[in-house]
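First up is the structure itself, then whatever we jot down about it.
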Amino acid sequence: TYKKPPPVVLIFVVVCFVALLGVSSNTWSKLASNKTKPNVYGIEVVNEFPHDHRAFTQGLLYAGNNKLYESTGLYGRSSVRRVALETGEVEEIKTMEHAYFGEGLTLLGERLFQVTWLKKTGFIYDRNNFSKVCASPFSAEIFIYIIPLQVQEFTHQMKDGWGLASDGKVLFGSDGTSTLYQIDPQTLKVTRQHIVKYKGHQIRYLNELEFINGEVWANVWQTDCIARISHENGMVLGWILLPHLREGLVAAGNHAIDVLNGIAWDGEKKRLFVTGKLWPKLYEIKVHPLK
Ligand code: DDQ
Ligand code: CA
């Protein structure tokens, strides 16, 4: 025959049930609000290399084989160059006309795409000889060689030319606003755009870009921070704080240096490189979450 449990047992069961509910709902809400995931990162310098202190770095990328490509700014000193990572030696350089101020640079296939400051003009170069190549509408590389090289420039649809990066399919672009653009490399038209936001606040001055493990990383002009951005929705996923690099250079007597700018990713060896405008050094860094 069924015997009713004493009230103390019933109370115990109810208390346990409520406690369990509390724990699990707390865990769920934590997961949902992503509070458990650190989104601020520090860095550790694992290597430093010489960098041309006259290079006003505006675009930087790693192209394999210990070679970097770099775009530099300032009128009369703008260029596209191939640089040996370990020595900082400029192995090949294409200086730009004095009317142009070099900005973002990215590599897609054999082509380097570059944008320029305060102009809507961009250039496409053959990475092997820096000659400007036919931009569109042809995608096959063979057209570079059989069509007379007449289309050497393109006009983009961003407000200005600041940063460029690529995931191997599309170009990502920034123009100093908070918009992150996706650009079709064949038509050079904007295909998507997102406002970059952190906790609801627009993040402007997006500058040099790099595509790293599915995210777009951006220097934010005049800060020592890199934003890790989702190109799917423009959300800032995390911040990397790097004030010590610039401060260290200034403390060592480099008073003429400008801001942190330039991110390059070696996807093969998982090496991350950063530098700045007129910085005498380029750093290989590792990123780690800050507690
Ligand atoms: N940007 O890299 C933030 C896009 C542009 C930086 C421009 C710095 C100006 C330096 C002095 C210009 C002299 C005409
Ligand atoms: Ca870059």
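Averaging Cα coordinates gives a centre for the stretch 161-229 and one for the stretch 54-117; these two points are 18 Å apart. Quickly estimate the mean residue ellipticity at 222 nm for the chain, helices only: each DSSP H run with n ≥ 4 gives -39500 (n - 2.57), and the total goes over all residues, rounded to 500. So the calculated ellipticity at 222 nm is -4500 deg cm²/dmol. For the stretch 65-130, what class follows from the C-alpha gyration tensor (a ≥ b ≥ c being the square roots of its eigenvalues): rounded when a/c is under 1.5, otherwise prolate if a/b is larger than b/c, else oblate? Because a/c hits 1.5 or more and a/b fails to exceed b/c, the stretch 65-130 counts as oblate. By DSSP, the beta bridges lying fully in the chain are antiparallel in about 95 percent of cases.
Shown in residue order for the stretch 81-86 are the 3J(HN,Hα) couplings computed by the Karplus curve 6.51 cos²θ - 1.76 cosθ + 1.60 at θ = phi - 60°: 9, 9, 10, 7, 3, 6 Hz (x for Gly and Pro). Neighbour counting of Cβ atoms within 10 Å sorts the residues Ser71, Ser79, fewest neighbours leading, into Ser79, Ser71. Here, the chain yields an orientationally averaged convex hull projection of 22.4 nm² when only Cα atoms define the hull. Between His231 and Val216, the built amide H atoms are under 5 Å apart, and every one of these is 5 or more places off in sequence or on another chain. Between amide H atoms placed 1.01 Å from N, distances below 5 Å from Glu208 occur with Asn219, Gly262, all of them 5 or more places distant or on a separate chain.
The GNM of the chain, with springs linking C-alpha atoms under 10 angstrom apart, assigns the highest mean-square fluctuation among Gly102, Gly161, Gly200 to Gly200. When all alpha-carbon pairs of the stretch 191-266 are counted, what percent fall beyond 22 Å? The share of Cα pairs beyond 22 Å in the stretch 191-266 comes to 27 percent. Computed from Cα positions, the angle between helix 7-33 and the longest principal axis of the chain comes to roughly 10 degrees. Modelled this way, with points 7 Å down the Cα-to-C-beta line, the labels at Glu91 and Arg204 are 4.1 nm from one another. Under a Gaussian network description of the chain, with springs only between Cα atoms under 10 Å, the residue in Val133, Val45, Val236 that fluctuates furthest is Val45.
Where a number appears in this text, it was derived from the coordinates with a stated rule and is not lab data. Just so we're clear, the structure is a prediction, and the values are computed from it rather than from any experiment. For neighbour counting, all protein chains shown are included, and Cβ atoms are generated from backbone atoms with ideal geometry for every residue, glycine included.
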